[in-house]
Amino acid sequence: MGTSTHEYVDDPRNADILISINGEMVPRAEAMVSVFDSGFILGDGVWEGLRVHEGGIAFLDAHLERLYEGARAIDMEMDVSPDALAKRLFDCLAANDMGEGVHIRLMVTRGIKATPYQDPRVTISPPTIVIIPEYKTAKPEVLERGITLFTTHIRRTSPDTQDQKLNSHSKLNCIQACIQAAKAGADEALMLDPQGFVATCNSTHFFIVRRGEVWTSSGDYCLGGITRGNVIRVCEENGIPIRQKNFSTTDVYSADEAFVTGTFAGLCPVREIDGRPIGHPTKPRTDGKVMGPMTGRLIELYQAMIKRETARP
C-alpha cells in the first residue's frame, strides 16, 4: 500500500477473521455479495469507519447518527434500528475475540436489484449490511515523519451537484484526487472548494495552525467528519482558539503547523504541501521532528476524549 495516513501494520490474524453479512458470520475467504447488489452496480449506499478501543467503539453514537442520516438522505429505508446495528457490531467483535487495535468498516447498500439499473424501485431486497473488522493499527513512522500533500485540480462539489456531506460509497472524485496526488509524488490530495478555498483532503480532514490559532475549512464542502468535529470540540473545551473559515493556499504555505484528521489514524502532522515545507521559516525545528507543539497537544487531548467517549457492549 502507498504512503498515507491509512498505511497500516500488516497483521496475519486478518486472514481468519469472520465478516458479518446481514447478521451472518462468514469466514473472510467466503465473504461475498451479489453482483446485482446496489453497491457493486452503482456505489449506492453509505458507510462508516469505526475504531475499537479497549473493547468498545469510539464515538459510536455519532457514527451511527451520521450513517442513518445518510440513509435518510438517499431515501434508503434501514431494516434494523441503531441499537440492533450496534449489537451486530459488538457481536462481530465478540465472534472474532477482538478488543483492541481494530478498525471496522461498516457498509450499507440499498440491496439487491432485479436488474442492473439505477432506479431504486427495482431493488428487491432489504439493505445489504456488511461489517468487516480488521486488526489494523497506523504505522508509527507515518506519525513521526508526517505526510505530504499535493493540491489537486479536482474540486469538492456543491450540494446541488453531489453533496459532500454524504458518506456515500460513490467516492470517484476523491479517488481521482488521490491518483493525481500520487502521480505528483505526494501522500494525499488537498482539495479546494468551487471558489478555490481549502476544503479538505481526499480521505482526511485538514487543519492548519497560525499564530496560536487552529484553522479548518468552513465545512460547507466536506464530510461532517467525526474526528474533525471532535478536534473542534477539544479546542473549544480547552480554550484553544479555533476558526472554521474560508482560507486559501497562501495561508497554508505560511502556516506554523498543519495536520490531518481521520478515524483510523486520529491526528497526523503534515510536513510538506506542494513542495513547500510547513513551519515558520524564522522558527526552524532542530529536533528532527515534524510535529509542532499544538498538534502534539491536540493529540493528547483527543486521546483523552477517546477514553471518555467509547461505547461498550
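The values are calculated or read from the model by the stated rules, or taken from the named source; none is laboratory data. It should be emphasised that the depicted structure is a prediction, and the values quoted were computed from it without experimental measurement. For neighbour counting, all protein chains shown are included, and Cβ atoms are generated from backbone atoms with ideal geometry for every residue, glycine included.
Restricting the stretch 246-279 to residues that are among the β-branched types (Val, Ile, Thr) and closer than 29 Å to Gly101 by Cβ, which is surrounded by the fewest Cβ atoms within 10 Å (Cβ to Cβ)?
Residues of the stretch 246-279 that are among the β-branched types (Val, Ile, Thr), as a first pass: 249-250, 252, 260-261, 263, 270, 273, 278.
If we keep only those that are closer than 29 Å to Gly101 by Cβ as well, we get 260-261, 263, 270.
Details: Val260: 27, Thr261: 26, Thr263: 19, Val270: 28.
Result: Thr263.
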Next on the checklist: Can you pull out every residue in the stretch 178-202 that is within 23 Å of Ser254 (Cα to Cα) and outside any strand (DSSP E or B)?
Outcome noted: Ala181, Ala184, Gly185, Ala186, Asp187, Asp193, Pro194, Gln195, Gly196, Phe197, Asn202
Item to check | Filtered residues of the stretch 219-236 (kept if at positive phi and assigned to a helix (DSSP H, G or I)) | outcome: none
Checklist entry - From the list Arg233, Arg211, Arg243, which residue is among the charged types (D, E, K, R), in contact with a strand residue (DSSP E or B) (Cβ under 8 Å, 6 or more places away or on another chain) and either surrounded by fewer than 18 Cβ atoms within 10 Å (Cβ to Cβ) or under 18 Å from Arg155 (Cα atoms) (or both)? => result Arg243
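Considering only the stretch 155-165, I want to know if a residue exists there that is more than 17 Å from the chain's Cα centre (by Cα), outside any loop (DSSP other than H, G, I, E, B) and of a type in the set (Lys, Arg).
Taking the stretch 155-165 first, the residues more than 17 Å from the chain's Cα centre (by Cα) are 155, 157-162.
Imposing the further condition that a residue be outside any loop (DSSP other than H, G, I, E, B) reduces the set to none.
No: zero hits.
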Next on the checklist: I'm trying to understand the selection: among the residues of the stretch 10-42, which are of a type in the set (Gly, Ala, Ser) and surrounded by 14 or more Cβ atoms within 10 Å (Cβ to Cβ)?
Outcome noted: Ser20, Gly23, Ala31, Ser34, Ser38, Gly39
Checklist entry - What about Val130, is it part of a strand (DSSP E or B), modelled with pLDDT of 95 or more, more than 21 Å from Leu267 (Cα to Cα) and β-branched (Val, Ile, Thr)? => result yes
Checklist outcome for this item: In the stretch 168-200, residues that are over 16 Å from Thr5 (Cβ atoms) and buried (at least 20 other Cβ atoms within 10 Å of the Cβ) total 4
Checklist entry - Somewhere in the stretch 41-64, is a residue farther than 19 Å from Pro313 by Cα and part of a loop (DSSP other than H, G, I, E, B)? => result yes
Item to check | Filter pass, Ile242 being without any contact (Cβ under 8 Å) to a residue 40 or more places away in the chain and either over 13 Å from Ile299 (Cα atoms) or of a type in the set (A, V, I, L, M, F, W, C) (or both) | outcome: yes
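Out of Gln118, Gln176, report the one residue that is assigned by TED's automatic domain parsing to the domain that holds Ile299 and either polar (S, T, N, Q) or under 24 Å from Ala29 (Cα atoms) (or both). Even if it seems obvious, please write down each step before you answer.
Values: Gln118 fails: assigned by TED's automatic domain parsing to the domain that holds Ile299.
Every option except Gln176 fails the conditions.
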